[in-house]
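Okay, so here's the structure we're looking at.
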Amino acid sequence: MTYRFVSALLTVFVTLLTLAPLAAQAEDSSGKDSSFWPKAGEKDTRATAEKQKAQVEAIVTGIRERYRKDPAWRCPFNQEYKSKLTKRTTKSDGKVLFEQPTNMRWDYDKPEKKSFITDGKQMWYVLWDAKEAKHNPTLKKSSLESSIGFLWGESDLRADYDILLLPLTVLEKDIQVGERLALELTPKKSSQFEVLYLLVNPTSYRIEEAVLIDTIGNRNRLIFGKQEVMKKQTPTPFVWSQPKGETWQVETVSF
């Protein structure tokens, strides 16, 4: 498991967590034009700068309201990781569990059982069948900070990213957007990825897909299934410890 891949996974997920709260200063979208797409004949296919800003703010506000009322949830996901070098696509699936503000857990079922678990302060990468675990006890202080510092409120999403609404029906030539809203997030500074796309349901504002392109052109696509609202769980599933009576190989790392 490479640092770049771990960074990609974390970047996608923490963006889902922080896109909404950091939009708290967005204007109320009530009473505004509900059409997110350019009108026929507009010269600028991305609309004017002012209209674009208002559209983005309205969508971000919708996402904020959606996820603020559901502070904990889980859902199934499918992942497609396409290598730029080999042109091969690796498919995986599993379930993701989220609990505000910084708890997240990815449990993969196929092609192998593995988990990414974090409470925002440390992270575990667990290979269940091999009984191996990698533990980063200082996640916040690691080199991931430059990519996901906004997770801890130490950077502003809109200050660090250019956010655009794209009038597309197809993304990356093979991803059908349909009637969904397509947001493009581009880092303003050096980052572990080039661009992140979020496909948002225009009615519920649920994020249905996240597509991340890293700095060498690999594509990480996450497709989220139906969300199930959860209550806070005890004991917490966001901290991993070695199962009693079992022998595991545990390594401390800093990815």
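We did not get these values from a lab; they are worked out from the coordinates using the rules stated. All figures in this text were calculated on a predicted structure; none of them were measured in a lab. Backbone-built Cβ (ideal geometry, glycine too); neighbour counts: all protein chains shown.
What is the magnitude of the charge dipole of region 167-232 about its Cα centre, with +1 placed on the Cβ of each Lys and Arg, -1 on the Cβ of each Asp and Glu, and no other charges, expressed in debye to the nearest 20? Don't skip to the answer; put the middle values down first.
Working: 10 positive and 9 negative charges, 67 e Å.
Computed charge dipole of region 167-232: roughly 320 debye.
Tell me, E246, E57 in order of fewest to most beta-carbon neighbours within 10 Å?
Details: E246 7, E57 19.
Ranked by crowding around the Cβ, least crowded first: E246, E57.
What's the FRET efficiency of I223 with T186 using the Cβ-Cβ distance as r and R₀ = 25 Å, to the nearest 0.05?
On the way: r = 22 Å, r/R0 = 0.87.
Rounded to the nearest 0.05, the efficiency is 0.70.
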For E65, E179, E184, order by how many other beta-carbon atoms lie within 10 Å, fewest first: E179, E65, E184
Separation in nanometres of the label points that stand 7 Å from Cα toward Cβ, at A49 and K69: 3.6
Residue-span extension gain [V253 to T236] - 0.36 nm each, minus C-alpha spacing: 3.9 nm
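Once the Cβ-Cβ distance between A130 and T90 is put in as r, and R0 is 25 Å, what FRET efficiency do you end up with, to the nearest 0.05? Each step should come with its number before you reach the end.
On the way: r = 18 Å, r/R0 = 0.72.
The calculated FRET efficiency here is 0.90.
Kindly identify region 175-251 as rounded, prolate or oblate by the Cα gyration tensor criterion: order the square roots of the eigenvalues as a ≥ b ≥ c, call it rounded if a/c is under 1.5, otherwise compare a/b with b/c, prolate if a/b is larger, else oblate. Can you show the working numbers first?
Details: a/c = 2.85, a/b = 1.49, b/c = 1.91.
It comes out oblate by the Cα gyration axes.
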Modelled FRET efficiency - R0 22 Å, I216 with K121, Cβ distances, 0.05 increments: 0.15
